[in-house]
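The structure appears below as structure tokens.
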Amino acid sequence: MPLLAEVLFYLRGLWLLFKADPAHARYLDFTERGVARSFWALAYCLPLMVASELVSLTRLVQPPIDLTLVTLLRTALIQGLSWMAPLVVLGVVCMVSGLPRAFLKIIVATNWLSLPVNIFAALAIFLIATGLQPLATIVLIVFQTVLLGAFLFEIRIVYMLMGEKVLPTAAAIIASAITALLVTDIGTRYIVGG
């Protein structure tokens, strides 16, 4: 299990990749071992993702849902799918685009990028759920700004890893975003029992 120092090491690699600095290769492990290791980001994030989704559904959604074991299990399943499904779609886009080697690199990069984004998102949702004004409104604005920044950061990283090819990058980003939205929409209905 990667410790904080190792995670920060990988995040430094992402920053260098974003800046198109070739030194990023010393920080990011794009081997099969590195791909497998990058899924520790999911292990770290899943409890936060489930907790923040449950806070949203029990406090921020009208009518709020009851917190049961079934709800907890469904939420964990949907959050796991919302992480994995866009990766599968990215793999398909990489294969169709003739860039299969980019796929493993994209997995490593997006997995590690998701870690700080999900930690920040969980903290923001918990603060918004307090309902304290004007704190909740300020946090919501900051949250939306950070998510937009992370999305643009991801676009740049995928662009770099796909050999700076615009059309495959656009296809990858659009396909993974639509997949994530569909999983979230259908998943939320499933969680609430609809």
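Being within 11 Å of Leu90 (Cβ to Cβ), of a type outside the set (Phe, Trp, Tyr) and part of a helix (DSSP H, G or I) is a description that applies to Ala177. If I ask for residues that are in contact with a Cys (Cβ under 8 Å, 6 or more places away or on another chain) and closer than 15 Å to Thr169 by Cα, which ones from region 75-100 would you list? Once the filter is applied, which keeps residues that are in contact with a Cys (Cβ under 8 Å, 6 or more places away or on another chain) and closer than 15 Å to Thr169 by Cα, region 75-100 yields only Pro100.
Whether a residue is open to solvent by less than 30 Å² (accessible area, probe 1.4 Å), in a helix (DSSP H, G or I) and not charged (D, E, K, R) was assessed, and Ala170 does not pass this test.
Answer yes or no: is there a residue in region 142-152 that is of a type outside the set (Phe, Trp, Tyr) and crowded, with 19+ Cβ neighbours inside 10 Å. No, every residue in region 142-152 fails to be of a type outside the set (Phe, Trp, Tyr) and crowded, with 19+ Cβ neighbours inside 10 Å.
All conditions but one from (1) assigned to a helix (DSSP H, G or I); (2) touching a residue at least 40 places away in the same chain (Cβ under 8 Å); (3) over 22 Å from Leu4 (Cα atoms); (4) open to solvent by less than 60 Å² (accessible area, probe 1.4 Å) apply to Ile65; the one that does not is (1).
The set of residues in region 157-167 that are surrounded by fewer than 23 Cβ atoms within 10 Å (Cβ to Cβ) and outside any helix (DSSP H, G or I) comprises Gly163, Glu164, Lys165. Suppose we keep only residues that are surrounded by fewer than 13 Cβ atoms within 10 Å (Cβ to Cβ) and over 19 Å from Arg156 (Cβ atoms) within region 9-46. Which one would you say is nearest to the chain's Cα centre (by Cα)? Per the stated criteria, the residue is Ala43. Put simply, of Leu99, Leu113, Leu135 the only residue that is among the hydrophobic types (A, V, I, L, M, F, W, C) and either touching a Phe, Trp or Tyr at 6+ places or on another chain (Cβ under 6 Å) or modelled with pLDDT under 90 (or both) is Leu135. Would you say Val50 is part of a helix (DSSP H, G or I), open to solvent by less than 50 Å² (accessible area, probe 1.4 Å) and in contact (Cβ under 8 Å) with a residue 40 or more places away in the chain? It is false that Val50 is part of a helix (DSSP H, G or I), open to solvent by less than 50 Å² (accessible area, probe 1.4 Å) and in contact (Cβ under 8 Å) with a residue 40 or more places away in the chain.
Only a single item in (1) open to solvent by 20 Å² or more (accessible area, probe 1.4 Å); (2) over 19 Å from Val50 (Cβ atoms) is not met by Leu123, and it is number (2). Tell me, please, whether a residue that is buried (at least 21 other Cβ atoms within 10 Å of the Cβ), assigned to a helix (DSSP H, G or I) and not small (Gly, Ala, Ser) can be found in region 126-138. Yes, because at least one residue in region 126-138 is buried (at least 21 other Cβ atoms within 10 Å of the Cβ), assigned to a helix (DSSP H, G or I) and not small (Gly, Ala, Ser). Criterion applied to Ser114, Ser82 was being open to solvent by less than 60 Å² (accessible area, probe 1.4 Å), in contact with a Gly (Cβ under 7 Å, 6 or more places away or on another chain) and in contact (Cβ under 8 Å) with a residue 24 or more places away in the chain, and the one residue passing it is Ser82.
Of the residues making up region 54-67, not a single one is modelled with pLDDT of 90 or more and polar (S, T, N, Q). Here Ala180 clears all of (1) without any contact (Cβ under 8 Å) to a residue 60 or more places away in the chain; (2) within 12 Å of Thr110 (Cβ to Cβ) except the condition numbered (1).
The values are calculated or read from the model by the stated rules, or taken from the named source; none is laboratory data. Source: prediction; values computed, not measured. In this analysis, Cβ positions are derived from the backbone assuming ideal geometry, glycine residues included, and neighbour counts consider all displayed protein chains. Only protein heavy atoms, including side chains, enter the accessible area calculation; ligands, DNA and RNA are left aside. Shrake-Rupley method; radii C 1.70, N 1.55, O 1.52, S 1.80 Å.
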